[in-house]
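Only the coordinates and a few stated rules stand behind these numbers; no lab work does. Here the structure is a predicted model, which means the values were calculated and not measured. Neighbour counts are summed over all protein chains in view; Cβ atoms, including those assigned to glycine, are modelled from backbone coordinates with ideal geometry.
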Amino acid sequence: DGGITQSPKYLFRKEGQNVTLSCEQNLNHDAMYWYRQDPGQGLRLIYYSQIVNDFQKGDIAEGYSVSREKKESFPLTVTSAQKNPTAFYLCASSIGATSWAGGDTQYFGPGTRLTVL
Amino acid sequence: KNQVEQSPQSLIILEGKNCTLQCNYTVSPFSNLRWYKQDTGRGPVSLTIMTFSENTKSNGRYTATLDADTKQSSLHITASQLSDSASYICVVTRYQKVTFGIGTKLQVIP
């Protein structure tokens, strides 16, 4: 069963705690992405990675950190510095980062809904 | 002001009816325009992708059209089904910059 998995589906954390969201893909894609989705707003890019051990900030990277130690995995840490972390987080992958502009598809995971209490 | 605006914000239609969703964009020039379907609480799934030179693209009962002169795209859904209830998101890519619309929430009722 190929695709992108995210875990957990729902996550609750106390204010001030760091939390890590998991994203795994078995599509053999080079590029992976993290987005945040809030009501009334379009998806916003947090971080993306074009290749293992490399990643770039997106439009709203402040308060977040990522790592890309394996091709299959791109975990996102929401730190206590993120002022408004409650949101729906989506991970995606594509064959290559440049392929997104070239016409290849981004495949999205099922998402993790993070609620900070 | 969002560079990708979708209308209507929400729509309710009867099962079996057709509907058309609109996307107006200011991103120009662009590499491609995509429509995604997102079920509640799930990740988006790609429906269509069009380059600036294409006018129409179909995927089953979904047909997307593009008018590059007026910077408008439409997604037409034919013979709607209950499973079409979802949000539909327009996405415009310019080089490596991707801009997502807020989406249109469609509800199909029996």
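In terms of overall dimensions, chain A has a Cα radius of gyration and Dmax of 13.4, 41 angstrom. Over the C-alpha trace of the protein assembly as shown, radius of gyration and Dmax come out as 17.5, 50 angstrom. Taken over the alpha carbons of chain B as equal point scatterers, the Debye sum produces base-10 log I(q)/I(0) values at 0.17, 0.23 Å⁻¹ of -0.73, -1.29.
Straightening the chain between B:Gln81 and B:Ser46 buys 10.8 nm, computed as 0.36 nm per residue apart minus the Cα-Cα spacing. Annotation for B:Asn59 and A:Ser67: the two label points, set 7 Å from Cα along the Cα-Cβ direction, are 3.5 nm apart. Comparing A:Thr79, A:Thr105, A:Thr20 in a Gaussian network model of chain A, where Cα atoms under 10 Å apart are tied by springs, the biggest mean-square fluctuation is seen for A:Thr105. Hey, which aspartates and glutamates would be in cross-link range of A:Lys70, C-alpha to C-alpha under 19 Å, not counting anything within fewer than 8 residues on its own chain? Once the sequence-local aspartates and glutamates are set aside, what remains near A:Lys70 is A:Glu24, A:Asp30, A:Asp54. Packing here is the average count of other Cβ atoms within 10 Å per residue, and on that basis the peptides B:84-96, B:7-19, highest first, run B:84-96, B:7-19. Straight-line reach from A:Lys71: taking Cα to Cα under 24 Å and skipping same-chain neighbours fewer than 8 places apart, the lysines in range are A:Lys9, A:Lys57, B:Lys97.
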